[in-house]
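Remarks on the structure that follows.
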Amino acid sequence: MGDAEIDLEPFMEVLNMDPENIRNGSIIKTIRPSNQNCLADESHLCWRNGKFVQDIILRLRNVESGELQVQLQWVKIPGRH
């Protein structure tokens with residue numbers, strides 16, 4: 001079936017930012033493919049529609065071929081910090 005890893009550290013780093021002055025659609029950070037990750041292409045961490053969002057394309061390992069498209073979003077749960 002294959003496997004891949006996601007590095008959540010870049011995503012977690014931006015959560016402490018104050019998004020008040022960030023325009024919708026702004027790219028906050030770009031993560032490039034390397035030997036240290038499973039990215040098939042650059043991944044952009046953006047501020048979109050009031051949320052931090054990261055679209056990721058992962059190249060699967062331990063299979064002949066395959067990619068997986070994932071979108072991370074930070075969801076604030078009411079009553080939680």
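The values are calculated or read from the model by the stated rules, or taken from the named source; none is laboratory data. Since this is a predicted model, take the numbers as computed values, not measurements. For neighbour counting, all protein chains shown are included, and Cβ atoms are generated from backbone atoms with ideal geometry for every residue, glycine included. Side chains are part of the model used for accessible areas, which takes the heavy atoms of the whole protein and leaves out ligands, DNA and RNA. Shrake-Rupley method; radii C 1.70, N 1.55, O 1.52, S 1.80 Å.
Could you sort 52-60, 13-21, 35-43, 1-9 so that the peptide with the highest average Cβ count within 10 Å comes first and the rest follow in order? Write down the numbers at each step before the final one.
On the way: 52-60: 18.9, 13-21: 10.1, 35-43: 14.9, 1-9: 12.4.
Per-residue Cβ counts within 10 Å, averaged per peptide and sorted highest first, yield 52-60, 35-43, 1-9, 13-21.
What percentage of the solvent-accessible surface of segment 1-63, computed with a 1.4 Å probe over protein heavy atoms, is contributed by carbon and sulfur atoms?
Here carbon and sulfur together make up 45 percent of the probe-accessible area.
Counting only other residues whose beta carbon sits under 13 Å from that of residue 32, what net charge do I get with K and R as +1, D and E as -1?
Details: positive: 29; negative: 7, 41, 42.
Within the 13 Å Cβ shell, the charges total -2.
With the crude spin-label approximation of a point 7 Å out along Cα→Cβ, what separation in nm comes out for residue 71 versus residue 34?
Here the answer is 2.7 nm between the modelled labels.
Before rounding to the nearest 500, sum -39500 (n - 2.57) across all DSSP H runs of length at least 4 in the chain and divide by the residue total; then give [θ] at 222 nm in deg cm²/dmol. Can you show the working numbers first?
Values: 1 runs with 6 residues, N = 81.
That calculation yields -1500 deg cm²/dmol at 222 nm.
Treat every Asp and Glu Cβ in the chain as -1 and every Lys and Arg Cβ as +1, leave all other atoms uncharged, and give the resulting dipole magnitude about the Cα centre to the nearest 20 debye.
Numbers: 9 positive and 12 negative charges, 69 e Å.
I would put it at about 340 debye.
Taking only protein heavy atoms into account and a 1.4 Å probe, give the accessible area per residue of the chain in Å². Let's see the in-between values first.
On the way: 6310 Å² over 81 residues.
With the other protein chains kept in place, the chain gives 78 Å² per residue.
Report the full-extension gain for the segment residue 9 to residue 24: residue separation times 0.36 nm, less the Cα-Cα distance, to one decimal in nm.
On the way: separation 15, 0.36 × 15 = 5.40 nm, distance 2.22 nm.
Length gained between residue 9 and residue 24: 3.2 nm.
Within a Cβ distance under 15 Å of residue 45, other residues only, what is the Lys/Arg minus Asp/Glu net charge? Please list the in-between numbers first.
Working: positive: 23, 29, 32, 48, 51; negative: 7, 9, 13, 41, 42, 55.
Net local charge, residue 45 excluded: -1.
Within 12 Å, Cβ to Cβ, of residue 57, how many net charges do the neighbouring residues add up to if Lys/Arg are +1 and Asp/Glu are -1?
Numbers: positive: 59; negative: 41, 42, 55, 67.
Summing Lys and Arg as +1 and Asp and Glu as -1 gives -3.
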